[in-house]
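Worksheet: one structure, shown below.
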Amino acid sequence: MAAHLKKRVYEEFTKVVQQQQEEIATKKLRLTKPSKSAALHIDLCKATSPADALQYLLQFARKPVEAESVEGVVRILLEHYYKENDPSVRLKIASLLGLLSKTAGFSPDCIMDDAINILQNEKSHQVLAQLLDTLLAIGTKLPENQAIQNRLVDVACKHLTDTSHGVRNKCLQLLGNLGSLEKSVTKDGEGLAVRDVQKIIGDYFSDQDPRVRTAAIKAMLQLHERGLKLHQTIYNQACKLLSDDYEQVRSAAVQLIWVVSQLYPESIVPIPSSNEEIRLVDDAFGKICHMVSDGSWVVRVQAAKLLGSMEQVSSHFLEQTLDKKLMSDLRRKRTAHERAKELYSSGEFSSGRKWGDDAPKEEIDTGAVNLIESGACGAFVHGLEDEMYEVRIAAVEALCMLAQSSPSFAEKCLDFLVDMFNDEIEEVRLQSIHTMRKISNNITLREDQLDTVLAVLEDSSRDIREALHELLCCTNVSTKEGIHLALVELLKNLTKYPTDRDSIWKCLKFLGSRHPTLVLPLVPELLSTHPFFDTAEPDMDDPAYIAVLVLIFNAAKTCPTMPALFSDHTFRHYAYLRDSLSHLVPALRLPGRKLVSSTLSANITPHEDPSHQFLQQSLERVYSLQHLDPQGAQELLELTIRDLQRLGELQSELAGVADFSATYLRCQLLLIKALQEKLWNVAAPLYLKQSDLASAAAKQIMEETYKMEFMYSGVENKQVVIIHHMRLQAKALQLIVTARTTRGVDPLFGMCEKFLQEVDFFQRCFIADLPHLQDSFVDKLLDLMPRLMTSKPVEVVKIVQTMLRQSTFLHLPLPEQIHKASATIIEPAGESDNPLRFTSGLVVALDVDATLEHVQDPQNTVKVQVLYPDGQAQMIHPKPADFRNPGPGRHRLITQVYLSHTAWTEPCQVEVRLLLAYNSNSRLPKSPWVEGGEVSPQVETSVIEGTIPFSKSVKVYIMPKPARR
Amino acid sequence: MPEIRVTPLGAGQDVGRSCILVSIGGKNVMLDCGMHMGFNDDRRFPDFSYITRNGRLTDFLDCVIISHFHLDHCGALPYFSEMVGYDGPIYMTHPTQAICPILLEDYRKIAVDKKGEANFFTSQMIKDCMKKVVAVHLHQTVQVDDELEIKAYYAGHVLGAAMFQIKVGSESVVYTGDYNMTPDRHLGAAWIDKCRPNLLITESTYATTIRDSKRCRERDFLKKVHEAVERGGKVLIPVFALGRAQELCILLETFWERMNLKAPIYFSTGLTEKANHYYKLFITWTNQKIRKTFVQRNMFEFKHIKAFDRAFADNPGPMVVFATPGMLHAGQSLQIFRKWAGNEKNMVIMPGYCVQGTVGHKILSGQRKLEMEGRQVLEVKMQVEYMSFSAHADAKGIMQLVGQAEPENVLLVHGEAKKMEFLKQKIEQEFRVNCYMPANGETVTLPTSPSIPVGISLGLLKREMAQGLLPDAKKPRLLHGTLIMKDSNFRLVSSEQALKELGLAEHQLRFTCRVHLHDPRKEQETALRVYSHLKSVLKDHCVQHLPDGSVTVESILIQAAAHSEDPGTKVLLVSWTYQDEELGSYLTSLLKKGLPQGAT
C-alpha cells in the first residue's frame, strides 16, 4: 500500500523522466514514402460509414506528409469531399486541407479554385466556417498574389451575410488578414467596386452576436497590425462598443481605442453636451481610465495595461488619474497624502495624533460635484485598490511606464507606490518596489515616505528585502535624518536577517556615494567619536560596524573634509577593509598617504591588462606543441593548465576564459597520454589492464567536452566545432581501444558503423566550418571516407588509429565573452543536526533555494538531483515559475523538492545537487514537416541526453519513520 | 397598468431596522427584517401591523429575503415569524444562515437577561424561525413559485452579504442590502451584471462621502495603534462581533507578525470565537488573497490574537482589545470604555458608523463629559479616533453600482434624508433616471411597461428575413404574420398555418375598380393599347395579353368594355386580390392618368 501511495505521490508531485533510448531510433528510414496518397485513397474507399472515414482521416493526420506528395493527397481528399454526405467528415477534410496547405514547400494556389468551388455548394455552417479557415491558410501562404487575395476577400464579403456566427467570424478574420492595404484595387480589377475593407468590417461592429462583434474588432486590429492606417471615424464607433454588454467586446474595444489614439493623438474631438474640444489622445485616455472601473476584471486588466503606453497624454489629464476628490458630508476633505505632505512641509512630524486633523474643511457646492466624471479622475486610485491582484499589478506597471516619461507625474505617484508596499500580495509589493527603483532617477523621497519604505525591510520574504536594498541603492534622500533612518533600519535588518549581509553592504556603498554631504554631519555620531575622550575601538569583525564604515568611506570619496573626523583606528580599519573588501571600499585620498594607483588601472583596456596579456602568452606557448616530443608536450600542457587555473582563481573576470581553455588543454593532455600507452605496441590480449587507462581517458574527454559545450555561456559556433572535433577524437579512441581489447569481430561491426555515422553527422552539422579544420583528424578522415565505408572493421580501426596519431593539435580560438555556469545552493544549508522526520511512504517537502549564474535557458536545463544513501538517484524538474531573474545572467531557483523513501532505522544524509541537462541533438536542423504537422516540436528537444553536475552537493539529514499502525 | 410598489417599513430615510415591502407583478416580497439600535421600545421593530391590517402575514407575503446577518437587517426576524406569525419561506445565503442565529441569540440574551425585558422572543423561537430559512448560493436562480424568482449577487460588506434580484416575468427589482465597492483585507468587492432592473433599491449610508484610498486608511490605523501601544497605552476598538472585526484582526495580525510586536491583542470571547469558526469555513466568500492562500494557512487562524477575559482589562501595560458592540451602547465595549476613559494614554478607535443616541456617536461628535446611567458623569480623557472602516459603498461606489446595473429607476434607503437628497439629485442628473427616497410607511408606485414575449415560428422568421436586406439593429422591420393568442401565450405564425390551426377556410378578398377611358376605338384595340402601355412602364413585372382580350399584370386582371351609354368611352375593369393591394392601387392610379396619346 505504502509503495503504491508513494508511486502515486511521485506521479503527482514530481516529474521523473526516464530517458528513453528508442525514441531516437524511430525516425531512421521512411520506406512508405511514395504510397502515401494511394494508401489514403484505399482507406477512404474502404470506409463504410462516416465514423470509419473519420477514423481514417484522424489516423492520417497524425503522420506527416512530404511537400512533394501534398498535391496528390489534396486531390484525393477533394474527390472524397464531393462524394461525402456527412458534414463531420467534410469538416475534417476541410481542416486537413488547411493543414496541408501550410506545408512548407507547397504552393497552395492550385487548390484554391477547388476550395472556393466547394464553398459555394456547402450548406453546413460548420463546414463553411472550416472552409473559410482553410482559405485563410491558403491566403496567408500567398501574401504576394494580389489577385488571389482580392478573390478571397470577395468570397468573404459574400458570406458575411450568413446566419451563423461562426461563418461570419471566419469571414471577418479573413478580411482582417487579407483585406488589401492599397485602396486602388480598381486599377487592375475591371468593374470590381472598390471594397473598403474597413467600412465592411466596421459595419459588423453592431452585429447582433457578441462573438461577431469581437471578431470584427479583432479583424480591425489585425488590419492595423498589417500596416493599414485605420480611419479616424472608427474611433466613435469603438467608443460606443465600450458600453457593450459582453466583456470580450469591451476588452477588444479598449484595444482598438488605444490603437486609434496612437494613430491620431493630436486630432481634436468634441466633448458631448458641451462646446469644448479636446485632443483625441486625451479623450481616449479618459475613456480607457473609465474602463479601469469596469465590471469585468479582464477588461480592467486590459485597460490598466494600455494606460501605461499612452505617453502623449497631457499632463493635467495624467495627474487627474491620481486625484479622487474626497468629501465628507458634502465638505471637501484632503487626502491623507496631502495631509502628510502639509505636515511635512510645516516642519512637524506626522503624528496622526492630533484630533481632527482629517476634519473636513470647506463646504462644497453641490452642483459642482461630479460623481462619475468621464475623465480620468482617480483611475489609478481605483486600479491600485482593485480586488484582483492582476489588475493591481497592471496598474503598477502602467504607473511605472508613465512615470518614466514624466518626472512631474513620477513625483506625484510616489505616495501611491509607497502605499503599495503594504499590499497583501507579495508579487504586487515586489512589483511596486521594482517600479520605484526604475523611476528613482526622477524622485526624491520625503522622510515620511522613506519611513514607510523602510518598514518593509522587516518583511520576511528575502525577495522583497533584496529588491528593497536595490531600490535604496539608487534612491535620493533629502535629509540627513533620512540617511540616519535608513542606516538604522538597515542595521536592524542586518541583525534580524544576517544572511542579507552582502546585500546590505552593497546598498550602503551606494547610499554613501550618492549622499556625501548628508553623511558628513552624521560621521561623529556614527563613529561615536568624542571631541575630548577616546572611545573604545569597535570590533572589526562586527558586520554592523563594517556596514557603517562602508557608508562613511564611500561618502568620503567625494567629500575630502570627512577624513579629518576619523579617529586613528578608523584609518587602520580603512586599510584593512580596503584590502579585504576592495569591491565595497573605494580608494581614498587620505592625508599622509600616497594614493594607490587605482585610478590608473581603471582606464586600461582589457587587452593591455597584464593578466590578460599573460593569458594570451600562455596560450600562445601551446601553439608550439606540435613540434615537441610527447614528453615535452605533456609537460608544457601541464604547466599551462596550472598557470591558467591559478590565473582564473586570481582574476575573477578572466575565470571563464581561463577555465575554458584549461579544460580544452586537459582534453588534449589526456589524449596525448592515452596515445602514449604501451597498449598500442604490444599484442592485444595481454594488456587488458592498461586499456582501462585509455578508455577512462576517452570517457573523461567526452565528459569534459560536454561541459565545455553546455556549461559556458557565450560559446560560439567556432568553438563548438573544435569541441565536437575533440569529442570525435575521443570516440575514435574509444573505438580503437575496444577493438584492441575485445575478441571477435561481431561487436566491432556495430561500433564502426556508429562511428562512421558520427563522422557523417559531424560533416553535416559543420559543413561550413570544415575549411578551418585543415590537417585535423576529421579532415583526414573525411578524405578517406569512401574507402572507410567499404572496408572491413579491422581495417577501419587501423586507419583510424593512424589518423588519430598523426592528427594535429587544433588551436581553440577564444570567444569574446565567456562565463562558466555556476550554482550555489543557499538552502538547505546542510548544517542542521536535526533530521527531517517523516513517515515512510509519504513525502516531505524540502525547500531548495539556489542562485545560478550564467545559465542559459535555466527553465529547461536546470534540474535538481537527490542522491539517497542506497545509491538511488532521483532527478526533479523544477517548474518554470520557480526561476526568478533578478539581473542579467543571474537566476534564482526557489523550489520545493519532494523526498520519500521506505523506512530507515536511523537518520542518514541525502545529497542534493543541481544538474545541467543537455541534449547535443538539438543542434540538428529540424525537419520541415514538424511545424506543419500535429507532432509538437517540444517532444524533440526535451529529451535529455545527459547531465552535468554544476553545484556543490549539499547534505540533508532525513529520517523516514515507519508508519504507525 | 402593471406597476411596482415599494413601501419601506424601516430604513426609509433612516439607518436601522431595514424592512422594505415590494409588490411586483402581483407578488409581495419583504426585503430584510431588522431592528433599530437606537430604540428600546416598540419602535425598535418595524411596524408589521401595516401588513396585518389586511389579514395574516403568510397570506400577504410570498417570501422574505434577508441580505446579511447584521441585526439591523435580521434582528426582528424571530419576532416577525414566530410572534406576529409568518410561515412562508425566508431566503438568505449560507453564511448568513449559519451566523444569523448566533447573533440573534446574543441579542436576545442582552435584551432579556441584562435588561430584563419581558415579552421578548425566546431561544426556541429563534430555532423555529431558522427552520423556515431556505439557503441560496451566489448566482443561483431560485424559483420561489412559478413566476417569482430570486438570484443572489456578491455584495462584500460582511461575510455572506448578498444583493438580491427579484424577478417576475420581465419585471425585476434589485435590492442591494448593504454593500461595499472597494475590497478589503478579507472580502471582495460587490459585483452585479448588467441586469437592467426596473428598480434598484440601494443603501445610501455614505451618500455624501467620497473616501480616501483604503491603503491610507489602513496605514493610518496601524500607525495609530502602533504609536499608542509603544507609549504604553491601551487601545480599545469597539466592533461588532462579525465583519469589520475580522478585517481589523487580519490587518493587525499581519502587522504584528511583520513588525514583530509583543503587546497582546485580545478579542472578546464567545461570539467572536464562534464567528471566526464560520469565517474559516466559508473561505469561498472571502477575497482573492485569502482564497488563494488558505491551503497553506487559513488566515483566520490567528497567532497573535487571543481570547479576552474580563480580568485582563485591569492588567498593566499596553494591549489592544476588540470588544463588542461597535457603537459603545452596551455590553463589554462600554464596560471597558468606562474603565479606560480616564487615562489620556489610552485610545479608543471607532472603526465604523455610529447611530445617533449611542455613546459612540456622542464621543465622536466631541462630547467630553458623558452622562451615564444613574446620573453618573464620565469624563473622557482618552483619545478618540475615528477611522472610516465601515464597509459601505461611498458616493462614488453607489454611482458605480448604478452604472453597472443600469436600472430604470433608483430608490434610496438606509441613509439620512439630507444626504439622500444630494445623491438623488446626482443620480437624476448623471444617469437621467428617476430617483426616489420614500420615508417609512410612504409608498412609491412605479408604472412599468412589461414586454410581452411572442413566439415566432422559425420558418416564418427565415422567410421574412430572406426578403429584406441585411438585418439592421437600428431600424424596425415590418413582418407579415398572424398573431395567435391562446392560453395567455402569444405566437406569431404565417397566415397559412394560422388558418390550418384554427380550421378556417381562406377567404379571397378582391378589389375591383372601374377606370373610364376616353377612347373611341374598339375594345380589342383599347386592350392592346393598355397592354403596350403597361408593358413599357412596368418593365419588372410580367404583363400578358390573353387571347380573350383581357390583360394581366402578374395576377391582376384588366378587361376593357364599351361604356353602355357613351360609345366614345371605354370602361377598364381592374381587379386584384388583397395580397396585391400595392401593385393594384398603383396600376389604377396609372391608368387613371390615361393612355399616352402618341400610341396608335
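Quick one: in segment A:567-581, of everything that is touching a helix residue (DSSP H, G or I) at 6+ places or on another chain (Cβ under 9 Å) and modelled with pLDDT under 85, which residue is nearest to residue A:530 (Cα to Cα)?
For segment A:567-581, the residue satisfying everything is A:567.
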Exercise. Within segment A:213-264, can you find the residues that are within 14 Å of another protein chain (Cβ to nearest Cβ) and of a type in the set (D, E, K, R)?
Worked result: A:213, A:240, A:244, A:245, A:247, A:250
Seminar exercise, completed: Considering segment B:263-316, residues that are touching a strand residue (DSSP E or B) at 6+ places or on another chain (Cβ under 7 Å) and within 29 Å of residue A:385 (Cβ to Cβ), and then whichever is surrounded by the fewest Cβ atoms within 10 Å (Cβ to Cβ), we arrive at B:304
Problem set entry | Breaking point among (1) under 39 Å from the mean Cα position of the chain (by Cα); (2) crowded, with 19+ Cβ neighbours inside 10 Å; (3) part of a helix (DSSP H, G or I), for residue A:768 | (2)
Exercise. Can you spot a residue in segment B:22-32 that is assigned to a helix (DSSP H, G or I), in the same structural domain as residue B:152 (by the TED database), in contact (Cβ under 8 Å) with a residue 24 or more places away in the chain and crowded, with 18+ Cβ neighbours inside 10 Å?
Worked result: no
Exercise. In contact with a helix residue (DSSP H, G or I) (Cβ under 9 Å, 6 or more places away or on another chain), within 12 Å of chain B (Cβ to nearest Cβ) and either at pLDDT 85 or above or not in a helix (DSSP H, G or I) (or both) - does that describe any residue in segment A:467-484?
Worked result: no
Exercise. Hey, residue B:175 hits all of (1) of a type in the set (Phe, Trp, Tyr); (2) under 22 Å from residue B:249 (Cβ atoms); (3) away from every other protein chain (no Cβ under 14 Å) but one; which does it fall short on?
Worked result: (2)
Exercise. Of all residues in segment B:200-249 being within 27 Å of residue B:414 (Cα to Cα) and among the acidic types (Asp, Glu), which is farthest from the other protein chains (Cβ to nearest Cβ)?
Worked result: B:203
Exercise. Among the residues of segment B:377-398, is any modelled with pLDDT of 85 or more, in the same structural domain as residue B:15 (by the TED database), out of contact with any Gly (no Cβ under 9 Å at 6 or more places or on another chain) and over 28 Å from residue B:349 (Cβ atoms)?
Worked result: no
Exercise. When both residues are 6+ apart or on different chains and their Cβ atoms are under 6 Å apart, which pairs have a first residue that lies in segment B:163-181 and is in contact (Cβ under 8 Å) with a residue 60 or more places away in the chain, and a second that is of a type in the set (Lys, Arg) and outside any loop (DSSP other than H, G, I, E, B)?
Worked result: B:168/B:27
Problem set entry | Test: residue B:451 is modelled with pLDDT under 85, within 30 Å of residue B:23 (Cα to Cα) and either among the small types (Gly, Ala, Ser) or buried (at least 16 other Cβ atoms within 10 Å of the Cβ) (or both) | yes
Problem set entry | Criterion (in a loop (DSSP other than H, G, I, E, B) and among the small types (Gly, Ala, Ser)) met by exactly one of A:69, A:107 | A:107
For this session: For segment B:231-249, name all the residues that are closer than 28 Å to residue A:429 by Cβ and either modelled with pLDDT of 80 or more or in a loop (DSSP other than H, G, I, E, B) (or both).
Result: B:235, B:237, B:239, B:243, B:245, B:246, B:247, B:248, B:249
Exercise. Restricting attention to segment B:250-290, which residues are within 14 Å of another protein chain (Cβ to nearest Cβ), outside any loop (DSSP other than H, G, I, E, B) and either out of contact with any His (no Cβ under 8 Å at 6 or more places or on another chain) or in contact (Cβ under 8 Å) with a residue 40 or more places away in the chain (or both)?
Worked result: B:250, B:251, B:252, B:253, B:254, B:256, B:257, B:258, B:285, B:288, B:289, B:290
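Go through segment B:537-586 and count every residue that is assigned to a loop (DSSP other than H, G, I, E, B), within 17 Å of residue B:514 (Cβ to Cβ) and touching a helix residue (DSSP H, G or I) at 6+ places or on another chain (Cβ under 8 Å).
At the first step, the residues of segment B:537-586 found to be assigned to a loop (DSSP other than H, G, I, E, B) are B:538-542, B:546-550, B:554-555, B:563-568.
The next check asks that each one be within 17 Å of residue B:514 (Cβ to Cβ); those that pass are B:549-550, B:563-568.
From what's left, touching a helix residue (DSSP H, G or I) at 6+ places or on another chain (Cβ under 8 Å): B:549-550.
Total satisfying the criteria: 2.
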For this session: Kindly establish whether residue B:507 is surrounded by fewer than 18 Cβ atoms within 10 Å (Cβ to Cβ), assigned to a loop (DSSP other than H, G, I, E, B) and not acidic (Asp, Glu).
Result: yes
Seminar exercise, completed: In segment B:135-173, anything in contact with a helix residue (DSSP H, G or I) (Cβ under 9 Å, 6 or more places away or on another chain) and either closer than 28 Å to residue B:82 by Cβ or buried (at least 24 other Cβ atoms within 10 Å of the Cβ) (or both) is listed as B:135, B:136, B:137, B:158, B:159, B:160, B:161, B:162, B:163
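Just give me the residues in segment A:456-466 being in a helix (DSSP H, G or I) and either more than 12 Å from every other protein chain (Cβ to nearest Cβ) or more than 16 Å from residue A:417 (Cβ to Cβ) (or both), in sequence order. Even if it seems obvious, please write down each step before you answer.
Residues of segment A:456-466 that are in a helix (DSSP H, G or I), as a first pass: A:456-458, A:462-466.
Within segment A:456-466, A:457, A:458, A:462, A:463, A:465, A:466 meet the criteria.
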Exercise. Would you pick out the residues in segment A:414-441 that are among the aliphatic types (A, V, I, L, M) and within 14 Å of chain B (Cβ to nearest Cβ)?
Worked result: A:414, A:417, A:418, A:420, A:425, A:428
Exercise. With respect to residue A:490, is the statement that it is crowded, with 23+ Cβ neighbours inside 10 Å and within 30 Å of residue A:386 (Cβ to Cβ) true?
Worked result: no
Exercise. Outside any helix (DSSP H, G or I), touching a residue at least 40 places away in the same chain (Cβ under 8 Å) and within 29 Å of residue A:451 (Cα to Cα), is that true of residue A:494?
Worked result: no
For this session: Answer yes or no as to whether residue B:483 is within 13 Å of chain A (Cβ to nearest Cβ) and either under 25 Å from residue B:16 (Cβ atoms) or of a type in the set (A, V, I, L, M) (or both).
Result: no
Seminar exercise, completed: Within segment A:101-121, restricting to residues that are closer than 14 Å to residue A:134 by Cβ and small (Gly, Ala, Ser), the one that is surrounded by the fewest Cβ atoms within 10 Å (Cβ to Cβ) is A:115
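The values are calculated or read from the model by the stated rules, or taken from the named source; none is laboratory data. Nothing here was measured: the structure is a model prediction, and the numbers come from that model. So basically every Cβ, Gly included, is an ideal-geometry build from the backbone, and we count neighbours across all protein chains shown.
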